[in-house]
DNA sequence: GCGAAGTTGGTGACATGTCAACTACTCCGG
DNA sequence: CCGGAGTAGTTGACATGTCACCAACTTCGC
């Protein structure tokens, strides 16, 4: 076992910076969103995912895959959102094992009401602080990281 | 209320990319770490923070501030780590309200054993996939975001 | 010194996420 | 058509984090 390649000072700045940003940004965006619309980020993501699909409904497993959530997590969360009237479970006609999550009117209204404020919050705390070059760098770099991780199931 | 400034396509790529990266990277790093050393990322961060201080001990509130954790969260987590023998609570001589968290030998050994693998994991899944320019861009951009959020307590 | 106000850390109730079964169904080779 | 393997979703037990509140202590104005 050879001496590990520790991070250089520059690499360490990037790594620690990324971690701090992640923590603070999440917290702030979540707070803003909750205060303005009573939704958690998780709620917002579910509603947002559904709102973008044809018919505003989707198979549970498809939604879970798209969101990178476990089926269990999504199932629990959908149960809670269903109790709040934001979504509705429907039977799946093609596959009797499956179920479909559909946006209710209340859910649609909630996402429509929340979106402008949320985008503004994302701009205020992140996007508008970045140069055009940084925007593109962030997109490129995260794309590369995500692609590699998506290909590698376990290592 | 005017039409909100939605994200442009480039901005959206950066934002969604960032979010996916965050989710996948966390998951993978956490898995690697847990498999190789039996520590969660939270455990690692606590041990790492303590290991870098003079005397390997720190006030609870100081550690919480540095880690950007709530005192409550840290208190709960320290209780759990204490039960596993990784840290120890000590009374604070200067302030009888306070307490000090100290690294035990087991905790020190755990972080020393875990660090090389964790750094390798961070390199493999993030740092080594980035160009030098991207490293610096990430450091600069996260610095800016963090600074702004640290100044703004509530908005 | 004293009492109000702030700080420190701990606690319990609760929200959320993970993991490992489990049920019900589909798919496929023979 | 049957039986076993695989898949979809649910569930319960448990780990973790949040929030509100409390007790103990410090600090500060008077």
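Just so it is clear, none of the values below were taken in a lab; they were calculated from the coordinates. Bear in mind the structure is a predicted one, so any value in this text is a computation, not a measurement. No Cβ is skipped: glycine too gets one built from the backbone with ideal geometry, and neighbour counts run over all protein chains shown.
Size descriptors for chain A, from the alpha-carbon set: Rg then Dmax equal 19.0, 60 Å. With the convex hull constructed from alpha-carbon coordinates only, the stretch A:101-144 shows a mean projected area of 4.6 nm² over all directions. Please work out the C-alpha center-to-center distance from the stretch B:27-55 to the stretch B:109-155 and express it in whole Å. If we compute the Cα centre of each part, the gap is 15 Å. Calculated [222 nm] ellipticity per residue, helices only, for chain A: -22000 deg cm²/dmol; basis is -39500 (n - 2.57) per DSSP H run with n ≥ 4, divided by all residues, nearest 500. How far, in degrees from 0 to 90, does helix A:71-83 lean away from the longest principal axis of the Cα atoms of chain A, to the nearest 10? Between the helix axis and the principal axis of chain A, the angle is about 50 degrees.
Modelled spin labels at residue B:120 and residue A:109, positioned 7 Å past Cα toward Cβ, are 5.7 nm from each other.
For the stretch B:1-87, pairs of C-alpha atoms spaced more than 21 angstrom apart make up 50 percent of the total. Distance distribution P(r), the protein assembly as shown, all Cα-Cα pairs, bin width 10 angstrom from 0: 5, 22, 29, 27, 13, 3, 0 percent. By the beta-carbon count within 10 Å of each Cβ, the least crowded to most crowded order of A:81, A:34, fewest first, is A:34, A:81. Using a 7 Å projection from Cα along Cα-to-Cβ, the label point at residue A:6 is separated from the same position in the remaining copies by 4.9 nm, smallest value first. Starting from the label point of residue A:117 at 7 Å along Cα→Cβ, the same points in the other copies fall at 4.5 nm, in ascending order. Distances between equivalent label points of residue B:136 across the copies, with each point positioned 7 Å along Cα→Cβ, amount to 1.7 nm, shortest listed first. Footprinting exposure proxy ranking of B:71, B:57, fewest other C-beta atoms within 10 angstrom first, gives B:71, B:57. For the rotation that carries chain B onto chain A, the axis lies closest to a Cβ at B:137, 2, where the number is the distance in whole Å.
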